[in-house]
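The values are calculated or read from the model by the stated rules, or taken from the named source; none is laboratory data. Nothing here was measured: the structure is a model prediction, and the numbers come from that model. With ideal geometry, Cβ positions are generated from the backbone for all residues, glycine too; neighbour counts draw on all protein chains shown. All accessible areas refer to the heavy atoms of the entire protein, side chains included, with ligands and DNA or RNA removed. Shrake-Rupley method; radii C 1.70, N 1.55, O 1.52, S 1.80 Å.
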Protein chains: 2
Amino acid sequence: MADLNLFFNPTSIAVIGASRTPGKIGYAILENLKITFTGKLFPINPQATEILGLNCYPSVLSIEEPIDLAVIVTPAETVKNIIVECIKKKIKAAIIISSGFSEIGEKERELELKNVSKGKIRIIGPNCVGIFQKGMDMMFFPRERLKRPSDGYISHITQSGAVGSTLLDVIASEGVGVARFISIGNKIDVDEVELLAYLEKDVATRAIALYVESITRGKEFVEVAKRIVPKKPIVALKAGKTKKGQEAVLSHTGALAGPAEIYSAAFKQAGVIEAKTTEELFDFSKALANQPALNDNRIAIVTDGGGYGILAADAAVQAGLDLPQLSDNTVKALKNVLPPHGIAKNPVDLTGDATTERYQTALEAVFKDKNVSAVLIIILMQIPTINDGLLDVIRDCKMYGKPFVVCATGGQWIQERARKLEGWGVPVYDMPERAVKALAALAEYGKILKKK
Amino acid sequence: MADLNLFFNPTSIAVIGASRTPGKIGYAILENLKITFTGKLFPINPQATEILGLNCYPSVLSIEEPIDLAVIVTPAETVKNIIVECIKKKIKAAIIISSGFSEIGEKERELELKNVSKGKIRIIGPNCVGIFQKGMDMMFFPRERLKRPSDGYISHITQSGAVGSTLLDVIASEGVGVARFISIGNKIDVDEVELLAYLEKDVATRAIALYVESITRGKEFVEVAKRIVPKKPIVALKAGKTKKGQEAVLSHTGALAGPAEIYSAAFKQAGVIEAKTTEELFDFSKALANQPALNDNRIAIVTDGGGYGILAADAAVQAGLDLPQLSDNTVKALKNVLPPHGIAKNPVDLTGDATTERYQTALEAVFKDKNVSAVLIIILMQIPTINDGLLDVIRDCKMYGKPFVVCATGGQWIQERARKLEGWGVPVYDMPERAVKALAALAEYGKILKKK
């Protein structure tokens with residue numbers, strides 16, 4: 001625990017393999033750290049005296065000050081000796097970005113690295129893209145190609161740098177925030193189990209999303225997850241579920257993936273919510289990080305597009321959610337504000353000439369209804385009778401203390417508004433079925449909490 | 001057929017209920033028609049002499065020239081008399097945008113409208129958003145809020161104006177084209193069956209997407225669909241599959257939805273591909289409109305992110321697709337271009353330092369492989385070693401004559417590139433599972449074609 005802290009709160013970082021050449025990984029990492037990291041930054045490159053305006057050193061041993069964290073991007077065959085130097089320099093934590101280990105069959109090289117570092121320095125990687133968080137961006141993707149997310153509540157642990165970082169790009173693009181992003185690669189030392197234990201006590205993290213191809217320490221995983229889940233929800237996507245997928249895992253990381261059923265059973269036992277697709281991993285985690293759990297399955301749907309109400313009702317029933325009858329008081333309040341063609345039943349249809357005010361009154365009535373435990377708000381905002389005040393109305397639905405998500409289908413104009421809502425912690429989905437499944441994930445978390 | 005032609009190729013349109021007030025539906029429709037329609041446009045409004053620079057008339061009867069199509073946006077209670085006037089004026093086709101009929105319980109009003117028009121004038125609607133196609137935009141959504149798509153190959157028939165038009169917004173935003181978009185609303189006359197028959201012979205249409213809540217003429221639907229499907233694929237999303245959903249259909253349109261199983265059976269019998277979600281309707285139709293059918297289920301996956309290969313392999317097996325072994329020649333060609341850490345097996349992993357050239361050589365080998373009938377190209381373009389030339393390489397994969405789709409996960413930068421590919425008829429999906437399901441839809445269409 002104390003050790004891992006150096007990965008997330010270093011006061012000084014050495015970038016070993018820093019490059020003077022734009023376009024190179026060792027340049028991009030240094031550049032992105034320079035932009036984001038406020039501590040001391042030491043580029044290490046025996047061929048250079050200065051990179052990006054920073055004094056450059058031939059080795060960590062030539063630096064007098066102490067170093068908390070080493071980020072290593074040199075060729076695979078040099079890494080072992082660099083780790084030996086880091087140990088000499090009393091560096092306690094290293095992130096090895098370099099690939100060329102067990103994932104390409106170089107098991108011996110990886111084993112040597114493991115042996116030389118064991119008990120002396122903590123390692124994340126090799127073959128990873130490192131850590132991204134507020135104040136520390138060591139990702140080598142150009143910032144104009146891969147957007148960085150704002151500060152938020154979800155922490156991501158990913159065994160695949162590619163899946164993790166592109167998902168981070170989607171997250172950033174949709175305006176969702178991230179607490180910490182950790183790419184674990186071949187995980188020769190620090191693995192998902194230890195990181196979960198760290199995130200358990202991390203105040204920045206409210207929910208954890210996990211992409212894994214293999215979990216080696218199954219028993220410990222279940223134990224730590226069980227302990228965390230009552231405090232913070234965990235969503236996991238297991239890749240390599242089919243025989244073909246497992247073969248691909250073996251090619252990719254050299255790890256044996258093991259039967260999917262074992263993982264599903266372990267997740268269930270641990271109270272981890274299983275995402276079946278990449279989309280679900282993303283969709284569920286943003287709902288779980290920003291909304292309270294749903295204690296039962298009684299949801300109301302409020303829409304201004306009748307077709308959406310039908311699609312959402314179908315999806316809700318199929319996901320095991322219930323659409324209770326609204327109480328008499330709610331129906332009365334709705335009828336007061338609805339035109340003759342409106343529908344004061346669940347799903348509530350405010351119809352295609354809905355106004356911001358109509359939404360406000362209807363949402364108040366529905367949220368306050370004792371029969372209703374969560375609300376799916378569907379907004380067809382493209383109609384001219386609605387203004388941006390609706391976004392404030394939706395944000396303020398937080399005051400009712402019940403979970404809710406939004407469905408808004410559309411192009412750039414809608415996406416801009418969705419980003420605004422996401423910035424306020426309101427999960428927005430582009431399709432009714434996705435929104436419903438996110439509510440179902442909140443209900444699943446509610447059930448998990450009750451079992452504890 | 002001859003009658004329906006006036007809906008799609010009118011030389012003159014009267015907008016009855018045209019308004020002088022920006023923000024009103026009758027203003028927006030006239031404005032959007034004025035921007036797009038090159039024929040003669042006649043605003044009808046007894047209170048105005050000129051709207052948007054066009055001469056305004058008190059009634060269609062005061063126009064001397066012939067009129068092909070009337071678009072009606074007046075209050076429901078006035079529509080019957082307006083239709084009588086249209087008949088007098090010998091107008092043969094009318095689109096009734098106005099709502100306030102059976103969908104709000106005014107069945108008598110709808111029946112009267114039906115009786116007065118029967119055999120004298122063809123009607124689309126009421127309670128719809130009309131038609132959108134190249135050269136004719138009568139949608140009332142502000143253009144800055146709801147983007148219009150470019151010209152393309154998919155035609156959409158939608159029973160819900162809300163679902164249809166917001167989906168159109170998504171389509172436009174992703175750079176996908178549309179041939180014709182028809183909102184049928186309460187369909188008191190022209191229904192999906194007749195429109196399918198029209199689109200059968202429409203050269204602009206290569207694939208048809210259908211959103212329905214109820215189909216009244218089931219037998220005729222199956223007949224016409226059966227006839228079309230060997231020429232053009234049809235994808236259908238049925239809303240109102242659950243009891244709750246069916247109740248919502250009844251509230252929404254006054255129609256009885258009927259059991260979902262009957263629809264699924266009819267779709268299957270007719271060779272219509274059923275979309276289970278709104279996302280699938282969108283995803284499948286753009287693949288079917290732009291790619292050839294897949295004659296068997298042997299796909300290859302080419303990726304530069306190992307994790308994506310695993311996720312896609314899982315999804316492929318789960319969708320009933322096969323990942324065949326690549327031929328010796330292909331493996332040889334791949335090994336020539338791959339670094340030691342690349343994987344020359346299916347899924348092919350070009351790894352995180354892939355270049356445009358590596359993609360080009362690998363794709364050529366894989367596309368030419370006799371064991372491979374379709375290709376899923378996964379591009380993690382955020383890595384600095386890839387340039388935009390990759391987009392051209394992918395576009396040119398059309399020359400191999402095999403179906404292919406692309407998966408590109410990411411934010412705005414990736415989305416811009418995806419739009420470019422979509423503009424060339426290459427379907428792009430943001431998640432591997434979505435891309436795989438689109439390939440599975442192409443395989444389903446291949447099976448349907450074989451049965452014929």
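The separation of segment A:70-120 from segment B:1-43, counted between C-alpha centres, amounts to 70 Å.
Convex hull volume of the Cα atoms of segment A:258-316, normalised per residue: 138 Å³. Mind running the shape call on segment B:145-209? Use the C-alpha gyration tensor, a ≥ b ≥ c as the square roots of the eigenvalues: rounded below 1.5 for a/c, prolate if a/b tops b/c, oblate otherwise. The shape class here is oblate. Note on B:M381: accessible area is roughly 0 Å² with a 1.4 Å probe, heavy atoms of protein only. For chain A, give the share of DSSP beta bridges that are antiparallel, in percent and rounded to the nearest 5; count only bridges with both residues there. Roughly 15 percent of the DSSP beta bridges within chain A come out antiparallel.
Within segment B:14-113, the trypsin sites (Lys or Arg not before Pro) that combine a DSSP coil assignment with at most 15 other C-beta atoms in a 10 angstrom radius are B:K90. Taken about its Cα centre, chain B carries a charge dipole of roughly 980 debye when the Cβ of each Lys and Arg holds +1 and the Cβ of each Asp and Glu holds -1. In chain B, the portion of solvent-accessible area held by carbon and sulfur atoms comes to 51 percent [1.4 Å probe, whole percent, DNA, RNA and ligands not counted]. For chain A, the relative contact order comes to 11 percent (Cα pairs under 8 Å, sequence separation of at least 6). The Cβ shell under 10 Å around B:A207 holds other residues with a net charge of +3, Lys and Arg each +1, Asp and Glu each -1.
Couplings 3J(HN,Hα) for segment A:430-443, derived from phi with the Karplus relation 6.51 cos²θ - 1.76 cosθ + 1.60 (θ = phi - 60°), are 8, 10, x, 5, 5, 4, 5, 5, 5, 4, 5, 5, 5, 5 Hz, where x marks Gly and Pro.
About the centre of its Cα atoms, segment A:325-452 shows a dipole size close to 700 debye [charges on the beta carbon of Lys, Arg (+1) and Asp, Glu (-1) only; nearest 20 debye]. Computed from the C-beta positions of A:S62 and A:A204, the FRET efficiency with R₀ = 45 Å rounds to 0.85.
So what is the relative contact order for segment B:199-308, in percent, with contacts set as C-alpha pairs under 8 Å and at least six apart? Across segment B:199-308, relative contact order equals 30 percent. Annotation for the B:A interface, with buried accessible surface near 5600 Å², both sides summed [1.4 Å probe; non-protein components not counted].
Taken over the C-alpha atoms, chain A has Rg and Dmax values of 24.5, 80 angstrom.
Of the residues in segment B:265-279, those shielded by at least 20 Å² of accessible area once partner protein chains are present, compared with the chain alone at a 1.4 Å probe, are B:T277, B:T278, B:E279. Electrostatic tally near B:M381: other residues with Cβ closer than 10 Å to its Cβ, Lys and Arg +1, Asp and Glu -1, net 0. When B:A265 is represented by a point 7 angstrom out along its Cα-to-C-beta vector, the spacings to that point in the other copies are 3.9 nm, nearest first.
Couplings 3J(HN,Hα) of segment A:53-58, computed from phi: x, 9, 4, 10, 10, x Hz, in residue order, whole Hz [Karplus 6.51 cos²θ - 1.76 cosθ + 1.60, θ = phi - 60°; x for Gly and Pro]. Only beta bridges with both residues in the protein assembly as shown are counted; by DSSP, about 15 percent of them are antiparallel. Legend: mean number of C-beta atoms from other chains within 10 angstrom of residue C-beta atoms, peptide B:147-155, equals 1. Net length available on complete extension from B:V116 to B:D353 is 78.4 nm, with 0.36 nm assigned per residue and the Cα-Cα distance removed. In this structure the protein assembly as shown gives 36 Å² per residue of accessible area when probed at 1.4 Å with all protein chains present. With contacts taken as Cα pairs under 8 Å at a separation of at least 6 residues, segment A:319-366 carries a relative contact order of 39 percent. Note on B:W424: accessible area approximately 70 square angstrom, rounded to 10, probe 1.4 Å, nucleic acids and ligands left out.
If amide H atoms are built 1.01 Å from N in the plane of the peptide, which residues on other chains or at least 5 residues away come under 5 Å of the amide H of B:Y429? HN-HN under 5 Å from B:Y429: B:V406, B:C407, B:A408.
For the residues of A:297-309, the average number of beta carbons from a partner chain within 10 Å of their own beta carbon is 5. The calculated FRET efficiency for A:E261 paired with A:K231, based on their beta-carbon distance and R0 = 30 Å, is about 0.60. Beta-bridge orientation, segment A:261-409: approximately 10 percent antiparallel, per DSSP, counting only bridges with both partners inside. For A:G152, the residues whose amide H sits under 5 Å from its own are A:V178, A:A179, ignoring neighbours fewer than 5 places away on the same chain, with H placed 1.01 Å from N. Given +1 at the Cβ of Lys and Arg, -1 at the Cβ of Asp and Glu and no other charges, the dipole of the protein assembly as shown around its Cα centre is 980 debye to the nearest 20. Modelled spin-label separation between B:K368 and B:D392, with each label point placed 7 Å from Cα along the Cα-to-Cβ direction: 2.0 nm. Annotation for segment B:353-417 versus segment A:334-412: alpha-carbon center distance of 43 Å. Separation of segment A:278-326 from segment B:190-247 is 28 Å, based on Cα centroids.
Remark: the protein assembly as shown is approximated by an ellipsoid whose semi-axes, taken from the C-alpha gyration tensor as √(5λ), come to 53, 30, 25 Å, largest first.
Shape of segment B:54-97 from the C-alpha gyration tensor: prolate (a/c of 1.5 or more and a/b above b/c, with a ≥ b ≥ c the square roots of its eigenvalues). In this simple spin-label approximation, A:K276 and A:K88 carry label points 7 Å from Cα along the Cα→Cβ vector, and these lie 5.6 nm apart. Applying a DSSP loop filter and a limit of 11 other Cβ atoms within 10 Å to the GluC sites (Glu not before Pro) in segment A:121-214 leaves A:E144. Using +1 at the Cβ of each Lys and Arg and -1 at the Cβ of each Asp and Glu in the protein assembly as shown, identify which of B:P230, A:I72, A:V406 lies farthest towards the dipole's positive end. The residue sitting most towards the positive pole is B:P230. Rg/Rh for segment A:130-245: what does it come to with C-alpha atoms and Rh from Kirkwood? Result: Rg/Rh = 0.96. Would segment A:95-169 count as rounded, prolate or oblate if I go by the C-alpha gyration tensor, calling it rounded below 1.5 in a/c and otherwise prolate when a/b exceeds b/c, oblate otherwise? Note, shape of segment A:95-169 comes out prolate. Comparing A:L196, A:A28, A:S173 along the charge dipole axis of chain A, the residue lying farthest to the positive side is A:L196, per the Cβ-charge model.
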